[in-house]
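A.B. asks: Got a structure here, written out as structure tokens. Questions coming.
The values are calculated or read from the model by the stated rules, or taken from the named source; none is laboratory data. Source: prediction; values computed, not measured. No Cβ is skipped: glycine too gets one built from the backbone with ideal geometry, and neighbour counts run over all protein chains shown.
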Amino acid sequence: MNCPRCRTWLAADTLDAGGVAVEAKSCEKCTGHWIALGDLKTVESVVDLRFLRWRNLPGMETQGRILLCPECPEAMPMEKIVSLRDQRVVMDVCHHCQHVWLDRGELEAIQQRGLLGGLQEIIKALRDASR
Ligand SMILES: [Zn+2]
Ligand SMILES: [Zn+2]
């Protein structure tokens, strides 16, 4: 599976969420993360020092590009979800496989500011709307 941002091979990674191991994949080149929506909740409240060096979020020009889901066979375009609490954080969500792509700095931002609450609300709204 390749990085939706820069096509680099995504390596299996384990995030340490306060002693709880969370399976994820990460890109060495752009330091983005591919993580299941359900797992994101586990890491939300934990600040991992490894992420503190990712100070700068990618610019809007980069974040505005539509990414294709690296997991789904049909290369589904992922949906842009702008965090309600910090508009610099734009997450790419695949509703089909329920995974989210976090660019460098976004995981840190989520952990530090508890942005996920807003994300979950949006996901729920989208699910309800598609029913
Ligand atoms: Zn990458
Ligand atoms: Zn997908």
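A.B. asks: Would you tally the residues in the stretch 75-106 being of a type in the set (A, V, I, L, M), away from ligand 2 (no atom under 16 Å from the Cβ), within 13 Å of the chain's Cα centre (by Cα) and not in a strand (DSSP E or B)?
C.D. replies: Matching residues across the stretch 75-106 total 1.
A.B. asks: If we keep just the residues of the stretch 88-99 that are within 16 Å of ligand 1 (Cβ to nearest atom) and closer than 15 Å to L57 by Cβ, which is surrounded by the fewest Cβ atoms within 10 Å (Cβ to Cβ)?
C.D. replies: V90
A.B. asks: Take V43 and decide whether it is modelled with pLDDT of 65 or more and not in a strand (DSSP E or B). Spell out the reasoning first.
C.D. replies: Values: modelled with pLDDT of 65 or more: yes; not in a strand (DSSP E or B): yes.
Here the answer is yes, as V43 does meet what is asked.
A.B. asks: Here's a follow-up. Scan the stretch 16-37 for residues that are charged (D, E, K, R) and not in a strand (DSSP E or B) and report the count. Give the steps one after another, and end with the answer.
C.D. replies: Initial filter on the stretch 16-37 (charged (D, E, K, R)): 16, 23, 25, 28-29.
Still in the running and not in a strand (DSSP E or B): 28-29.
Here the count works out to 2.
A.B. asks: Where the second residue is away from ligand 1 (no atom under 16 Å from the Cβ) and part of a loop (DSSP other than H, G, I, E, B) and the first is farther than 19 Å from P77 by Cα and aliphatic (A, V, I, L, M) and lies in the stretch 1-30, which pairs have Cβ atoms under 9 Å and are six or more apart or on separate chains?
C.D. replies: L15/V46; L15/D48; A17/S45; A17/V46; A17/D48; V20/V46
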